[in-house]
Amino acid sequence: MAEEKRQPYRLQSSPAEKTILVLSGKGGVGKSTVAANLAISLSLQGFTTGLLDTDFHGPSIPKLLGMEGTRVYSDDGKTLHPAEMGALRVISVDFLLGSRTDPVIWRGPMKMNVIKQLFEDVEWGELDFMVVDCPPGTGDEPLSVVQLVPDPTGAVIVTTPQEMSLSDVRRSIQFCRALKLPVLGVIENMSGFVCPHCGHRTDLFGSGGGEEMAKQMGVHFLGRIPIEPAIVSSGEEGKPFVYHQGKTDFARVFEGIVSDLLKRSETAAGDGEG
Ligand code: ADP
């Protein structure tokens, strides 16, 4: 009975479904923040959306969504049911591991088994979109995750304006090219700070580097997200920013990025089309 009910995550079964992988060249650039807000934004637009958090190093998705301590359950000892938040279905490595404060120090094969389980044993049901928060960098972990995604539509690469992370993002673009994964676009996060009192914009880490780099590499630039102090407090409080602060500049910028991304994922326009 449980076997009949089971609907594994197979994007090939429906061409309408799309999977967007969120990548970054290194940690701490806002990859999970973008993944969580992208998934929330799609679900608020009425798309049934899955959010799969595969970042072992700092699974911040449960925290960002106020879902810390969530456990997933299984009817048959194998199939897992995602946690639900409206039209959003969420699975995180943390939902399998229990609450923990220690960094995860696991051997590669163990990690891969858990990641495989996240892909194979979850009954997602019908999804319009799947957003995958990938481990940072271009090493074995993001490689294994990308290879496990059955039919990826493409990747969004998150960077910050600093040169360091820009050289990291170049590696991410090359990583996607090597895997024939279309790059849907690059997002420059933490790009400038607008003073809430006087409205003056300061580019603390420089600005425009992401756009310039995207041009040079022949990939599409999706936009710049400013530094927004309220993002940090929303994250701390587990209130996804787009959902709770829908009228801010950040939210408007983010909505613009999502609608551009939606158009690009329609045609699966990717790498090389700038
Ligand atoms: P990553 O997934 O790349 O490691 P996170 O999404 O966890 O990064 O973000 C790292 C930190 O930066 C978090 O505390 C998050 O709240 C903060 N952050 C992300 N984007 C912004 C932004 N645009 N403005 C201010 N803080 C941000």
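None of the figures in this text is laboratory data; all of them are computed from the coordinates on show. Please read all numbers here as calculations on a predicted model, not as lab measurements. Heads up, the Cβs are rebuilt from the backbone with ideal geometry, glycines too, and the neighbour counts pull from every protein chain shown.
Taking every DSSP beta bridge that has both ends in the stretch 116-237, the antiparallel portion is near 15%.
Among 50-57, 113-120, 172-179, sorting by the average number of other beta carbon atoms lying within 10 angstrom of each residue, highest first, gives 50-57, 172-179, 113-120.
3J(HN,Hα) along the stretch 75-90: 6, 10, x, 9, 6, 9, 10, x, 6, 10, 9, x, 7, 9, 10, 10 Hz, from the Karplus curve 6.51 cos²θ - 1.76 cosθ + 1.60 with θ = phi - 60°, whole Hz, x for Gly and Pro. Extension gain for the segment C198 to L96, taken as residue separation times 0.36 nm less the Cα-Cα distance, is 32.1 nm to one decimal. Packing order of peptides 125-138, 67-80, highest average first: 125-138, 67-80 (average count of other Cβ atoms within 10 Å over each peptide's residues). With a cut-off of 10 Å between beta carbons, the residues surrounding S74 carry a summed charge of -3, where Lys and Arg count +1 and Asp and Glu -1.
Note on M112 and L179: with the Förster distance fixed at 22 Å, the Cβ-Cβ geometry gives a FRET efficiency of about 0.85.
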